[in-house]
Amino acid sequence: MKRSLVAILLLAAIAAAGWYWWSHRDADETGELVLHGNVDIRQVSLAFDNGGRITELTAEEGDRVKAGQIAGRLDTRALEIQARQTEANVEVQRQTLLKLRNGPRPEEIAQVRAQLASAEASAAHAEQDLSRATRLQAAGNGTISQQSYDQAQADARAAGAKVSELRAALQLEEAGSRAEEIAGAEAELKASEAGLDLLRLQIDQGLLRIPVDAVVRSRLHEPGDMVSSSSAVLALALTEPKWVRVYVGEPDLGRIRPGMAAEVFTDSEPDRPVAGKVGYISSVAEFTPKSVQTEELRTNLVYEVRVVVEDAGDVLRLGQPATVRLATGTAP
């Protein structure tokens, strides 16, 4: 029994040594470098630009979404009412500015001129009455009382003041609006238009737009939920670009270069490799991650390598273990 056990252990040791020699011979003589890692995809946490109550979410987990697609809405009814009110105020200010720029109408100027002519006629009549009263008072025969004379003087002064007032009004009508008034009205209109633009922007921010073609990984809220601008609503996985993150030891670092062709294999599709190429080689060494299975000790320093793949069939999944084979040729 002891001899049989020793024989079995000896055969196992010989088999292990043979396998180790064969795998290393294959890598050295055929120039193939085998690396192990996981599929990696960029992710986006998508949130509304403003806070509020969700009224609609159209994207479900697993859906493929396109850039620009509307995936959700917030309740913006209060903002829409404010926007309509501001639109009305903007129109009022726009008409006021137009009136100032155009100045008075010819009919308005003609009206003031007619009023001035009437006032001048009234002033001439009052002057005649005052002259008559003055002559009667000078005669000293008691024909006119002091009170009547004083009233004639007051009427003449009032008529003259009315004429002066209407002449000034006519000058203002003919001169048109002041430049300062027009500038002030323009500034008020611009401020109102800016306020309206802000409200429209806030309404538009109530739409959840997909920023890039992706796949919905997680739906984190539902209609009726209150969310803030920092609350992610959807988690998106970007299908382009897709790469496999692997690690290479320092002895093999000189055998690879950016742009080198690669084949990616998975356990679920062992006979269906996905084409790719080396896209990134880290310039900084790090300790081997625990998720990477290598034949060397885990404490060895390795360099991160990203193999960008052309996964048109969407075979690879996020986090999936993968084996990368690089045809490196003869080592220099």
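The values are calculated or read from the model by the stated rules, or taken from the named source; none is laboratory data. Here the structure is a predicted model, which is why all the values come from computation and not from measurement. No Cβ is skipped: glycine too gets one built from the backbone with ideal geometry, and neighbour counts run over all protein chains shown.
The table for this structure:
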quantity: Segment 156-196: number of residues that are under 15 Å from Gln111 (Cβ atoms) and β-branched (Val, Ile, Thr); calculated: 0
quantity: Hits in segment 190-246 (condition: under 30 Å from Glu304 (Cβ atoms) and in a helix (DSSP H, G or I)); calculated: none
quantity: Some residue of segment 147-164 being crowded, with 16+ Cβ neighbours inside 10 Å and within 30 Å of Leu74 (Cα to Cα); calculated: no
quantity: Single residue of segment 90-108 satisfying the filter (in a helix (DSSP H, G or I) and charged (D, E, K, R)) that is nearest to Arg167 (Cα to Cα); calculated: Glu108
quantity: Some residue of segment 272-284 being exposed (fewer than 15 other Cβ atoms within 10 Å of the Cβ), in the same structural domain as Leu301 (by TED's automatic domain parsing) and in a helix (DSSP H, G or I); calculated: no
quantity: Test: residue in segment 102-117 that is over 30 Å from Ala179 (Cβ atoms) and of a type in the set (A, V, I, L, M); calculated: yes
quantity: Residue under evaluation Thr239, criteria (1) buried (at least 17 other Cβ atoms within 10 Å of the Cβ); (2) at pLDDT 85 or above, criterion not met; calculated: (2)
quantity: Residue match in segment 46-56 (condition: at positive phi, in contact (Cβ under 8 Å) with a residue 40 or more places away in the chain and surrounded by fewer than 16 Cβ atoms within 10 Å (Cβ to Cβ)); calculated: no
quantity: Filter result for Gln115 (assigned to a helix (DSSP H, G or I), touching a residue at least 40 places away in the same chain (Cβ under 8 Å), closer than 30 Å to Asp225 by Cβ and touching a helix residue (DSSP H, G or I) at 6+ places or on another chain (Cβ under 9 Å)); calculated: no
